[in-house]
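Undergrad: Take a look at the following structure, please.
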Amino acid sequence: MKAAVVVFPGSNCDRDTAVALEHALGKKPHMIWHADTKLPKLDLIVLPGGFSYGDYLRTGAMAAHSPVMREVVAQAKNGVYVLGICNGFQILCESQLLPGVLLRNESLKFICKPVTMRVESNDNHFLRKYEAGQEITMPIAHGEGNYFAEKETLDHLEGNGQVVLRYRENPNGSAHDIAGIINDKGNVLGLMPHPERAAESLHGSSDGAAMFRSLVEALR
Amino acid sequence: MTNTAMDKIEAIDPEHAKMVAEHNMAPDEYAVLVNLLGRPPTEAELGVAAAMWSEHCSYKSTRVWLKKLPTEGPKVLIGPGENAGVVDIGDRQAVIFKMESHNHPSYIEPYQGAATGVGGILRDVFTMGARPIANLNSLRFGEPKHWKTRSLVAGVVAGIGGYGNCIGVPTVAGETTFHPSYNGNILVNAMTVGLVDSSRIFTSKAAGVGNPVVYVGSKTGRDGIKGATMASGEFDANTDAKRPTVQVGDPFTEKLVLEACLELMATDAIVSIQDMGAAGLTSSSVEMASKGGLGIEIDLDKVPLRETKMSAYEIMLSESQERMLMVLKPGRESEAEKIFRKWELDFSIIGKLTDTGRLVCYRNGKKEVDIEVGPLVENSPVYNRPYEIPAPPPVVDAAKYPLPKGETLASVLEKMLNTPDLCSKRWIWEQYDRHVMADSAQESSHNADAAVVRAHGTNKGIAMTVDCTPRYCAADPVMGGRQAVTESWRNLCAVGATPLAVTDCMNFGNPEKPPIMGQFVGAIQGMAEACKALDYPVVSGNCSLYNETNGEPISPTPCIGGVGLLANVNNMATITFKGEGEAIFVIGETKGHIGQSLYLREIHSKEDGAPPPVNLTAERRHGKFIRNAIAAGEIKTCHDVSDGGLLVALAEMALAGDIGCRLDISAPDAAFWFGEDQGRYVVVVPDADNFQAKVQAAGIPYLLIGQTGGDAINVAGSSVTLDKLRQAHGGWLPNYMKG
């Protein structure tokens, strides 16, 4: 499997994500600079957390229009797997690879704490190493994690089984306690919590490691 | 200002008298400047000299005393004098760290003041080639009921988080306390720890006549002009008018500067590098030239500007953030430029090194600054200010302060945990990203004695902590200074780390007043004693004086940032109770010293007496015992006993583990449980007999006081559930911030 992590100016979880990915994969992923327009042949692209372009304008909005994202969108449409973590999730929404948008947290404050989520569905390449209904813990660290979409969109996501990760206790005001969603085709997933920060015993939880292992196993 | 001095100025140049006063410059200093130039200064030269000779940049009141601190040790690679201190941690790695104040700006504009405080200290560390791996902070606010306090807390916390979260360096530890002495001057002290390959450390010493001087980072604007001189004066009724002297931060740009600098530092193109902090281009260029014994020539027209028509004075004194100055090897300019352009940053060759020993600056083709660098640095004033060290107050008789009528130990504990200084600071640290970089092993949420961050890619742990007990320092500056250093050392031992070195941030009032200068001198004396006795040298630091408003000074606050090393990060101890039925020991002697304790202040409304004495020999022995036992895997649970005393320490451990305890010792007096005797640790072990034999063999005083278990704290016949304690501990700050 060939995996890559995209680096935008202001990304700050690119290294951490690469480390977690390398752990599952056994080799270093490619690091792709935001100005690159020619991507190598890939099976998985990860959009890491951080403050791409300083979160100016709106979180993820500027990154969605960066040169590399045109290519990521094209590849996603061709079936390449794309995982967006935190700011990566925001970018996926702004790029319309996923529906909805991440608003400011209900508290209007940045929140950093571990959260417990339920795996609503493991019937996809990202979460197959978890049990459906399993409760997993990872940290969040965001100011804008409050998932919002219109009623029809939410109904569609729910009806279609696309709400794959749901907070047990809603930390930020997200609609339907949504922590992570997947696209219709099942190849693009975005979540606010950080699996790469719950990847080994030092982190206090290693629940996130199975997400990377799922992908490695599925896309081998 | 004396009349004679004023006459002197007017005799030389009446037009400058007002400007001299505006720059907090002493008339005699102006005379030195005129003498040095042999003519009246230009506006820009006056600004340059005033900034360089400001208290903030020159340490003119404190320099003679700072020399008393021990600064050397076998692990110290670079001590005070550079941007930050450097300490060896083996395997060709080193830690670089420093703490710095941003007090005055944070009071005037809390968000930007605190944010740029974080930005500034981060730059100090990565300027030297290190990747920052952790941020810490020490915050002192006025009393909660003061009208400004709530908004200052909200603004400072948001500013610290806003900067650290965005740049992607975890904020792992801190302390926050409240006291009326900070009503008019809050303290915001920020510390950064970085990790570096010890063969790739960069310094500011310029070398190579003709080498290009390069400006990189953000553009220069009119923000922060005169910040350094502002921070060298007291506040008065017109403090709000000083807002334009506060800088505006952009953590996104700093992230780019950080990555670009580290990328260029991986090559060998850089000769020297210096960030532009206080006094901006002035202090960075003067620093580089003076350390290299060279001159520097700058064409100010080449400085990237954010605003039009900026004068030489404004460009030289701007404190716009996220800017660096570097000297490159000849011929390496385009290679360096390519990296900075990739990160979409300004890059401009603004001058060159010369052999004249002079700082020369041109603006619009006109020479605006021409001043000899050596004397500008060497002739900076040094004051041996008069001082009076106050005599310590008498020791308080604990028998006079029993539990108030109707209270039990348990009910008083519950009350104490619900006070501003002892309550949980979750409301604060939940706004800080504590996990980015994925190496945090212990951070604020663990309520740890020290944070622990793994050295990336290794198994080593870097332990770090910030400490000071201002109420001890106010009562007895010598003992207070000694205690601040010792508590930091003890906190590192409590997680199992070997203490390496400290950085200090000396926050005091107006040094021109002998009692204030006495506080400073006393604190330094106490710190020096402790640093020497504990082999714990000072490698970097910062002084913030003139923390006064309308003549009211802050409590003396010599804040200590300590750093230690764990050989194996998996061997660290935590404060968390880990199982039921484990034995609880107190290591060190409990005499029941309640002078200056939080019990006395919060329960009896008295701030009185001598602070607890610190016995450095005992500290050293106890600390070594604890560290060895943790390294041997014999202790997994340990907590230093400090603010609030023994029972508060036990409550924190119980809350962290969600396991209660039963304390069987028949010592019902409040002083035993709430006294703040130093040199103590609570240790919890599964096998009481085995551990007892070890402490006895080491000849260290100890007490077996009870065992873990249940869902309450039972002490001397009284009891309180963990649920109630959790509410008390967790409730105060969020309720206060709700307003």
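The values are calculated or read from the model by the stated rules, or taken from the named source; none is laboratory data. Keep in mind that what you see is a predicted model, and the values were worked out from it rather than measured. Cβ sites come from the backbone with ideal geometry, for glycine too, and all protein chains shown count toward neighbours.
Undergrad: Check A:V72, A:V46, A:V6 and return the single one that is more than 13 Å from chain B (Cβ to nearest Cβ), in a helix (DSSP H, G or I) and under 15 Å from the mean Cα position of the chain (by Cα).
TA: On the way: A:V46 fails: in a helix (DSSP H, G or I); A:V6 fails: in a helix (DSSP H, G or I).
The conditions single out A:V72.
Undergrad: Assuming B:V196 fulfils every condition listed in (1) under 21 Å from B:T419 (Cα atoms); (2) part of a strand (DSSP E or B); (3) not hydroxyl-bearing (S, T, Y) apart from one, which condition is it?
TA: (1)
Undergrad: Any residue in region B:127-142 that is within 20 Å of B:M276 (Cα to Cα), out of contact with any strand residue (DSSP E or B) (no Cβ under 8 Å at 6 or more places or on another chain), crowded, with 24+ Cβ neighbours inside 10 Å and within 14 Å of chain A (Cβ to nearest Cβ)? Reasoning before the result, please.
TA: Initially, region B:127-142 is screened for residues within 20 Å of B:M276 (Cα to Cα), giving B:127-132, B:135.
Filter again for out of contact with any strand residue (DSSP E or B) (no Cβ under 8 Å at 6 or more places or on another chain), leaving none.
No - not one qualifying residue is present in region B:127-142.
Undergrad: Are any residues in region B:424-452 at the interface with chain A (Cβ under 10 Å from one of its Cβ atoms) and part of a loop (DSSP other than H, G, I, E, B), and if so, which ones?
TA: B:E430, B:Q431, B:Y432, B:D433, B:R434, B:H435, B:V436, B:M437, B:A438, B:D439, B:E443 - these are the residues of region B:424-452 that are at the interface with chain A (Cβ under 10 Å from one of its Cβ atoms) and part of a loop (DSSP other than H, G, I, E, B).
Undergrad: What single numbered condition from (1) buried (at least 23 other Cβ atoms within 10 Å of the Cβ); (2) under 16 Å from B:L492 (Cα atoms) fails to hold for B:R621?
TA: (1)
Undergrad: Of the conditions (1) touching a Leu at 6+ places or on another chain (Cβ under 6 Å); (2) among the small types (G, A, S); (3) within 23 Å of A:S52 (Cα to Cα), B:G164 fails just one. Which one is it?
TA: B:G164 satisfies all of (1) touching a Leu at 6+ places or on another chain (Cβ under 6 Å); (2) among the small types (G, A, S); (3) within 23 Å of A:S52 (Cα to Cα) except (1).
Undergrad: Follow-up. Check B:T42 against each of (1) crowded, with 23+ Cβ neighbours inside 10 Å; (2) touching a helix residue (DSSP H, G or I) at 6+ places or on another chain (Cβ under 8 Å); (3) of a type in the set (S, T, N, Q) and name the one condition it does not meet.
TA: Failing condition for B:T42: (1).
Undergrad: Another question, then. Out of region B:243-257, which residues are more than 8 Å from chain A (Cβ to nearest Cβ), under 9 Å from B:E322 (Cα atoms) and part of a helix (DSSP H, G or I)?
TA: B:E254, B:V257
Residue by residue, here is whether (1) on the phi > 0 side of the Ramachandran plot; (2) in contact with a strand residue (DSSP E or B) (Cβ under 7 Å, 6 or more places away or on another chain) holds:
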| site | (1), (2) |
| --- | --- |
| B:A693 | no, no |
| B:A697 | no, no |
| B:Y702 | no, yes |
| B:G706 | yes, yes |
| B:A712 | no, yes |
| B:K738 | no, no |
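Undergrad: Could you list, in sequence order, the residues of region A:123-144 that are among the hydroxyl-bearing types (S, T, Y) and more than 14 Å from chain B (Cβ to nearest Cβ)?
TA: The answer is A:Y130, and nothing else.
Undergrad: Within region B:199-230, which residues are under 30 Å from B:M19 (Cβ atoms) and assigned to a strand (DSSP E or B)?
TA: Matches in region B:199-230: B:V213, B:Y215, B:G217, B:T220.
Undergrad: With the condition kept exactly as written, say whether any residue in region A:176-192 is within 30 Å of B:A451 (Cα to Cα) and away from chain B (no Cβ under 14 Å).
TA: Within region A:176-192, one or more residues are within 30 Å of B:A451 (Cα to Cα) and away from chain B (no Cβ under 14 Å).
Undergrad: Return the only residue of A:N105, A:N87 being over 17 Å from A:R197 (Cβ atoms), buried (at least 18 other Cβ atoms within 10 Å of the Cβ) and touching a strand residue (DSSP E or B) at 6+ places or on another chain (Cβ under 9 Å).
TA: None of the others qualify; the one that does is A:N105.
Undergrad: Looking only at region B:498-514, decide whether some residue is closer than 16 Å to B:T469 by Cβ, part of a loop (DSSP other than H, G, I, E, B) and at pLDDT 95 or above.
TA: Looking through region B:498-514, at least one residue is closer than 16 Å to B:T469 by Cβ, part of a loop (DSSP other than H, G, I, E, B) and at pLDDT 95 or above.
Undergrad: Kindly indicate whether any position in region A:15-30 is at the interface with chain B (Cβ under 9 Å from one of its Cβ atoms), in contact with a helix residue (DSSP H, G or I) (Cβ under 8 Å, 6 or more places away or on another chain) and part of a loop (DSSP other than H, G, I, E, B).
TA: Within region A:15-30 (the criterion being at the interface with chain B (Cβ under 9 Å from one of its Cβ atoms), in contact with a helix residue (DSSP H, G or I) (Cβ under 8 Å, 6 or more places away or on another chain) and part of a loop (DSSP other than H, G, I, E, B)), the answer is no, since none of the residues qualifies.
Undergrad: A:L25 - would you say it is touching a residue at least 12 places away in the same chain (Cβ under 8 Å) and either of a type in the set (S, T, Y) or under 25 Å from A:Q162 (Cα atoms) (or both)?
TA: Judged against the criteria, A:L25 is not a match.
Undergrad: Now a separate question. Applying the selection to region B:653-671, what residues are surrounded by fewer than 23 Cβ atoms within 10 Å (Cβ to Cβ), under 21 Å from B:L403 (Cα atoms) and either of a type in the set (S, T, N, Q) or at pLDDT 95 or above (or both)?
TA: Across region B:653-671, the qualifying residues are B:R662, B:L663, B:S666.
Undergrad: Quick one: which of B:E29, B:E22, B:E55, B:E15 is of a type in the set (D, E) and within 22 Å of the chain's Cα centre (by Cα)?
TA: After ruling out the rest, the residue left standing is B:E55.
Undergrad: With respect to A:K38, is the statement that it is farther than 26 Å from A:L127 by Cα, assigned to a loop (DSSP other than H, G, I, E, B) and either more than 14 Å from every other protein chain (Cβ to nearest Cβ) or among the hydroxyl-bearing types (S, T, Y) (or both) true?
TA: Numbers: farther than 26 Å from A:L127 by Cα: yes; assigned to a loop (DSSP other than H, G, I, E, B): yes; either more than 14 Å from every other protein chain (Cβ to nearest Cβ) or among the hydroxyl-bearing types (S, T, Y) (or both): yes.
So A:K38 passes the test.
Undergrad: Another one. Test each condition in (1) surrounded by fewer than 20 Cβ atoms within 10 Å (Cβ to Cβ); (2) under 21 Å from B:M128 (Cα atoms); (3) modelled with pLDDT of 95 or more for B:I89 and report the one that comes out false.
TA: With respect to (1) surrounded by fewer than 20 Cβ atoms within 10 Å (Cβ to Cβ); (2) under 21 Å from B:M128 (Cα atoms); (3) modelled with pLDDT of 95 or more, B:I89 is out only on (1).
Undergrad: Every residue in region A:75-84 that is part of a helix (DSSP H, G or I) and under 16 Å from the mean Cα position of the chain (by Cα), please.
TA: A:A76
Undergrad: Of all residues in region A:108-122, which are touching a strand residue (DSSP E or B) at 6+ places or on another chain (Cβ under 7 Å) and more than 14 Å from every other protein chain (Cβ to nearest Cβ)?
TA: Listed by number, the residues that qualify are A:T116, A:M117, A:R118, A:V119, A:E120, A:S121.
Undergrad: What are the pairs, 6+ residues apart or on separate chains, where a residue within region B:393-412 that is over 24 Å from B:A651 (Cβ atoms) and touching a residue at least 24 places away in the same chain (Cβ under 8 Å) has its Cβ under 7 Å from a residue that is of a type outside the set (A, V, I, L, M) and in a loop (DSSP other than H, G, I, E, B)?
TA: B:P393/B:G609; B:P394/B:G609; B:V395/B:G595; B:V395/B:G609
Undergrad: Any residue in region B:456-476 that is buried (at least 22 other Cβ atoms within 10 Å of the Cβ), within 15 Å of A:H203 (Cβ to Cβ), in contact (Cβ under 8 Å) with a residue 12 or more places away in the chain and within 14 Å of chain A (Cβ to nearest Cβ)?
TA: Within region B:456-476 (the criterion being buried (at least 22 other Cβ atoms within 10 Å of the Cβ), within 15 Å of A:H203 (Cβ to Cβ), in contact (Cβ under 8 Å) with a residue 12 or more places away in the chain and within 14 Å of chain A (Cβ to nearest Cβ)), the answer is yes, since at least one residue qualifies.
Undergrad: Considering every residue within region B:361-380, establish whether at least one is basic (K, R) and either out of contact with any Ser or Thr (no Cβ under 8 Å at 6 or more places or on another chain) or free of Cβ contacts under 8 Å to residues at least 60 places away in the same chain (or both). Before the answer, list the steps.
TA: Filtering region B:361-380 down to residues basic (K, R) leaves B:363, B:366-367.
Next, only the ones that are either out of contact with any Ser or Thr (no Cβ under 8 Å at 6 or more places or on another chain) or free of Cβ contacts under 8 Å to residues at least 60 places away in the same chain (or both) stay: B:366-367.
Checked region B:361-380: at least one residue is basic (K, R) and either out of contact with any Ser or Thr (no Cβ under 8 Å at 6 or more places or on another chain) or free of Cβ contacts under 8 Å to residues at least 60 places away in the same chain (or both).
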